[in-house]
1. What is the one condition in (1) more than 9 Å from the ligand (Cβ to nearest atom); (2) surrounded by fewer than 18 Cβ atoms within 10 Å (Cβ to Cβ) that residue 55 does not satisfy?
2. (1) farther than 30 Å from residue 170 by Cα; (2) surrounded by 15 or more Cβ atoms within 10 Å (Cβ to Cβ); (3) in contact (Cβ under 8 Å) with a residue 12 or more places away in the chain; (4) more than 14 Å from the ligand (Cβ to nearest atom): which one isn't true of residue 50, the others all being true?
3. Can you find, within the stretch 201-223, the residue that is surrounded by the most Cβ atoms within 10 Å (Cβ to Cβ) among those that are touching a residue at least 60 places away in the same chain (Cβ under 8 Å) and within 12 Å of the ligand (Cβ to nearest atom)?
4. Can you name every residue in the stretch 167-184 that is under 13 Å from the mean Cα position of the chain (by Cα) and either surrounded by fewer than 18 Cβ atoms within 10 Å (Cβ to Cβ) or more than 9 Å from the ligand (Cβ to nearest atom) (or both)?
5. Being in contact with a strand residue (DSSP E or B) (Cβ under 6 Å, 6 or more places away or on another chain) and either surrounded by 14 or more Cβ atoms within 10 Å (Cβ to Cβ) or in contact (Cβ under 8 Å) with a residue 12 or more places away in the chain (or both) is the filter here; which residues of the stretch 130-149 pass it?
6. May I ask you to verify whether residue 74 is over 30 Å from residue 139 (Cβ atoms) and touching a residue at least 24 places away in the same chain (Cβ under 8 Å)?
7. If you take the residues of the stretch 139-155 that are part of a loop (DSSP other than H, G, I, E, B) and touching a helix residue (DSSP H, G or I) at 6+ places or on another chain (Cβ under 9 Å), which of them is farthest from residue 95 (Cα to Cα)?
8. Among the numbered conditions (1) more than 8 Å from the ligand (Cβ to nearest atom); (2) part of a loop (DSSP other than H, G, I, E, B); (3) modelled with pLDDT of 95 or more, tell me where residue 158 comes up short.
Ligand code: BV8
């Protein structure tokens, strides 16, 4: 039972919340985009130009995620506790395409950049769960044609998912917590401005200042597995 003064919290997470679980971030040293050029792997044009290369990039990341050494960490667990015990409205918006928030026990999760474990038919729009690999020859269950399946992931230049629902929650929240994101990618990096404009208390919890750190009322820096559990106890 939470005794907090807040009634409606929105949490935004990025790759930093999964870093201590062993999933590489994007822009830190050794980050994903250091070895893979966004234009070559994470755009619709790249998929069109070289489907084999793009599909295997996502197959490899899905295989990594299935590695038993990759488990939710204390930051994921603390966010699941926050959803369980906070007695106001709770929404977790993640930029991550891994499933660690669900595996930690969060239910009300929006994957605004899609999910590694899902594929979509480019003709019918049908979304399928997938465990293994998807190749360019695979046939979709809806049209029975090869070459129509793509990762259900938001590429650069594509509209993130559930933006209306996210914006509504941002306008209604009185606490906005941004965790483990560099504040580089829009429109996610703009959420703090919307929340602040709606009168919410805004908090950045990250390893180091993000590109939008000055927009937050409160900032705390350190590894997510240390600062998130503490902050959640403060809210509860
Ligand atoms: C859109 C899915 C328009 C794929 C991702 C030119 C053309 C087109 C668009 C643009 C353009 N110029 C700018 C844009 C907008 C573009 C954009 O913002 N680009 C940036 C690079 C400038 N955005 C888009 O294209 C978006 N769409 O604008 O559509 C539109 C409008 C109307 C109608 C149609 C279209 C779509 C963006 C989504 C792209 N897809 N991911 C995949 O994952 O493979 S983005 C990718 O970046 C991931 O989702 C990732 O989560 C996200 C953000 O990165 P972060 O999560 O912040 O990760 P990062 O590594 O950057 O930072 C990690 C942080 O963690 C660091 O701060 C670090 O300090 C911290 N950390 C590390 N360890 C820890 C830690 N913190 C705590 N504890 C630790 N242990």
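1. Condition (2) is where residue 55 drops out.
2. Every listed condition holds for residue 50 apart from (3).
3. We begin by selecting, within the stretch 201-223, every residue touching a residue at least 60 places away in the same chain (Cβ under 8 Å); these are 201, 206-207, 223.
From what is left, the residues that are within 12 Å of the ligand (Cβ to nearest atom) are 206-207, 223.
Numbers: 206: 24, 207: 17, 223: 16.
My answer is 206.
4. If the condition is that a residue be under 13 Å from the mean Cα position of the chain (by Cα) and either surrounded by fewer than 18 Cβ atoms within 10 Å (Cβ to Cβ) or more than 9 Å from the ligand (Cβ to nearest atom) (or both), then 178 is the only one that fits.
5. Residues of the stretch 130-149 in contact with a strand residue (DSSP E or B) (Cβ under 6 Å, 6 or more places away or on another chain): 130, 134, 137-140, 142, 146, 148-149.
Result: 130, 134, 138, 140, 142, 148, 149.
6. Details: over 30 Å from residue 139 (Cβ atoms): yes; touching a residue at least 24 places away in the same chain (Cβ under 8 Å): yes.
The answer is yes for residue 74.
7. Start the filter on the stretch 139-155 by keeping residues that are part of a loop (DSSP other than H, G, I, E, B), which leaves 140-145, 147-148, 154-155.
Right, trim to touching a helix residue (DSSP H, G or I) at 6+ places or on another chain (Cβ under 9 Å) and you get 147, 155.
On the way: 147: 27, 155: 12 Å.
So, considering only residues that are part of a loop (DSSP other than H, G, I, E, B) and touching a helix residue (DSSP H, G or I) at 6+ places or on another chain (Cβ under 9 Å), the one farthest from residue 95 (Cα to Cα) is 147.
8. Failing condition for residue 158: (1).
The values are calculated or read from the model by the stated rules, or taken from the named source; none is laboratory data. What you are looking at is a predicted structure, and each value in this text was computed from that prediction instead of being measured. No Cβ is skipped: glycine too gets one built from the backbone with ideal geometry, and neighbour counts run over all protein chains shown.
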